[in-house]
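**Q** Mind having a look at this structure? Questions to follow.
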Amino acid sequence: MCFSATASFIAGITLSAVGIATCKKVKSKTELPFAMIPLLFGIQQLIEGIIWLTFRYDAPFLQQVMTYLYTVFSHSLWPIYVPFAIGVMETVRWRRKMIFGFQVVGIMLGLYLLYYIVTGPVVAEVTRGHITYVSPHFYQIPVMILYITAACISCFISSHVYVKIFGGLLLVSFITAYLIHIQTLISVWCFFAAILSAVIYLHLRPENTKGLQPAGHRLLLMNRKYKSPN
């Protein structure tokens, strides 16, 4: 989280607990990648908590290791993982094909950013009470557009309501973080996105099981119900 070590650890532990609870709600293996998103965000927030501590206790080597690990999550993982998670859960063929296109974009972008993470130094600094990750390639406008396309817009193709809500919240939080301060965009947006990932738990609650089915499938089930004899 972008404010302090304490806040990061609280957010990380809470989200990890939510993530574990969410994973326990899955009804099939295809739902598991999407259910794991809060847990992965929880791990990411715990990593940032450690980064905060490295500033306090002057641990440059640990700081560098955790910074690289954090940026692998924030830069490379999410544009690849989000389309994958919603794609394997999708049952409508044409939607699944479209999401696969976003998946390709996410993979190319994730590998592009990973290359610069590995070959060039990524530095963490404290700016205005937030952590700034000095990674010039991420802030290029075309890169940010492709990132948003893969990680947020892909959610709108899904036939599941809560996936679309999650994508919409991610997009709004990105714009908000961008307007707050572009230099701290990565840290602030990841905090917002992490908290918003709790929506996934609502998506997988037992009472929302019907919401896991695409609209067409639900209509088919309703027609069968009305046609069945009393």
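The values are calculated or read from the model by the stated rules, or taken from the named source; none is laboratory data. Note that the coordinates shown come from a computational prediction; the quantities given were computed from them, not determined experimentally. We place every Cβ from the backbone using ideal geometry, glycine too, and count neighbours over all the protein chains shown. SASA here: full protein model, heavy atoms, side chains in, ligands and nucleic acids out. Shrake-Rupley method; radii C 1.70, N 1.55, O 1.52, S 1.80 Å.
**Q** Take the Cβ-Cβ distance between M144 and Q64 as r, set R0 to 25 Å, and report the resulting FRET efficiency rounded to the nearest 0.05.
**A** 0.50
**Q** Using a 1.4 angstrom probe with every protein chain in place, what is the largest-first accessible-area order of W52, W94?
**A** Solvent-accessible surface, decreasing: W94, W52.
**Q** Could you give the alpha-carbon Rg of the range 103-187 over 2.2 N^0.38 Å, rounded to two decimals?
**A** After normalising by residue count via 2.2 N^0.38 Å, the value is 1.19.
**Q** Kirkwood hydrodynamic radius (Cα pairs, Å) of the range 1-90?
**A** Value: 13.8 Å, from the Cα pair sum.
**Q** If Lys and Arg each add +1 and Asp and Glu each add -1, what is the summed charge of the other residues whose beta carbon sits under 14 Å from the beta carbon of C155?
**A** +2
**Q** May I pose another question? Stretched out fully, how many nm does the piece from V104 to I180 gain, at 0.36 nm a residue minus the Cα gap?
**A** Contour length minus Cα-Cα distance gives 24.3 nm.
**Q** For the chain, what value does the Rg/Rh ratio take when both radii are computed over Cα atoms and Rh is the Kirkwood radius, given to two decimals?
**A** Here the Rg-to-Rh quotient is 1.03.
**Q** Would you mind checking the tilt of helix 5-23 against the longest principal axis of the Cα atoms of the chain, expressed as 0 to 90 degrees and rounded to 10?
**A** That works out to roughly 20 degrees.
**Q** Could I ask something else about it? Which value at 222 nm does the chain reach when only helices count, each DSSP H run of 4 or more adding -39,500 (n - 2.57), with the total divided by all residues and rounded to the nearest 500 deg cm²/dmol?
**A** Estimated from H runs of four or more residues: -22000 deg cm²/dmol.
**Q** A further question follows. What per residue convex hull volume, in Å³, do the alpha-carbon atoms of the range 38-130 yield?
**A** Cα-based convex hull of the range 38-130, divided per residue, equals 103 Å³.
**Q** Using a 10 angstrom cutoff on alpha carbons, build the Gaussian network for the chain and name the most mobile of Y57, Y133, Y68.
**A** Its mean-square fluctuation being the largest, the pick is Y57.
**Q** What order do you get for 31-40, 140-149 when each peptide is scored by the mean count of other beta carbon atoms within 10 Å, highest first?
**A** For the peptides 31-40, 140-149, the packing ranking is 31-40, 140-149.
**Q** Using +1 at the Cβ of each Lys and Arg and -1 at the Cβ of each Asp and Glu in the chain, identify which of Y112, I145, V161 lies farthest towards the dipole's positive end.
**A** Result: V161, furthest along the dipole toward the positive end.
**Q** Could you count how many Lys pairs in the chain have their Cα atoms under 26 Å apart, skipping same-chain pairs fewer than 8 positions apart?
**A** 16
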